[in-house]
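K.L.:
Pasting a structure here, questions to come.
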Amino acid sequence: MTEKEAAQVPAAHLAYLGDAVMEVLVRRHLVQHPDGTGEHPGQRALAYVTASAQSEAVERLLPLLTEAEADEYRRGRNCVHGNVPRASTPAEYRRATGLECLFGYLSLTGQDRRAEELFLRGYGLGGDAKTKEAEEN
């Protein structure tokens, strides 16, 4: 799907897809990097998938986003929100929805490498040599 076509998809639909994209990225990371404690990965996943954790990741990512990515993030952040989980604030929930919208957009436009790069950077997990090179310049 082109970026123009993806921009026509409702933000709530992109967030729905982005939630699944992020879930796969988290699960892949947890399986590839076990912590050695024997704790079930599902428990460790909470450090990545809660609205507050996603909101924190957004703060790290905002300076790294392209104009198109920032537009999709804002579109998701500003869409109508229903039930806010008790464990998060409305602002955290909006930022988390914006992040999910961004990841849904990246998935629909075939930018899987970019999604993985942003996931790693957002959660302070490093990245590939290309990312490190960009940081140095």
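K.L.:
Only one of R86, R44, R28 is loosely packed, with under 14 Cβ neighbours inside 10 Å, within 20 Å of L125 (Cα to Cα) and of a type outside the set (A, V, I, L, M, F, W, C). Can you tell me which?
P.N.:
R28
K.L.:
Would you check which residues across the stretch 53-95 are within 16 Å of the chain's Cα centre (by Cα) and more than 26 Å from A7 (Cα to Cα) and list them?
P.N.:
Scanning the stretch 53-95 gives no hits.
K.L.:
Considering only the stretch 1-58, give the helices (runs of 4 or more DSSP H) lying wholly within it that have at least 3 residues that are among the small types (G, A, S). Full working, then the answer.
P.N.:
On the way: elements: 3-6, 11-32, 41-49.
Qualifying helices (runs of 4 or more DSSP H): 11-32, 41-49.
K.L.:
Taking the stretch 1-16 only, how many residues are under 17 Å from A68 (Cβ atoms) and either under 12 Å from the mean Cα position of the chain (by Cα) or hydroxyl-bearing (S, T, Y) (or both)?
P.N.:
Total satisfying the criteria: 3.
K.L.:
With the requirement that a residue be in contact with a Pro (Cβ under 8 Å, 6 or more places away or on another chain) and either aromatic (F, W, Y) or modelled with pLDDT of 95 or more (or both), what does the stretch 77-102 give you?
P.N.:
Y93
The values are calculated or read from the model by the stated rules, or taken from the named source; none is laboratory data. These numbers were taken from a predicted model, which means no experiment stands behind them. When we count neighbours, we look across all protein chains shown, and the Cβ atoms used for this are built from the backbone with ideal geometry, even at glycine.
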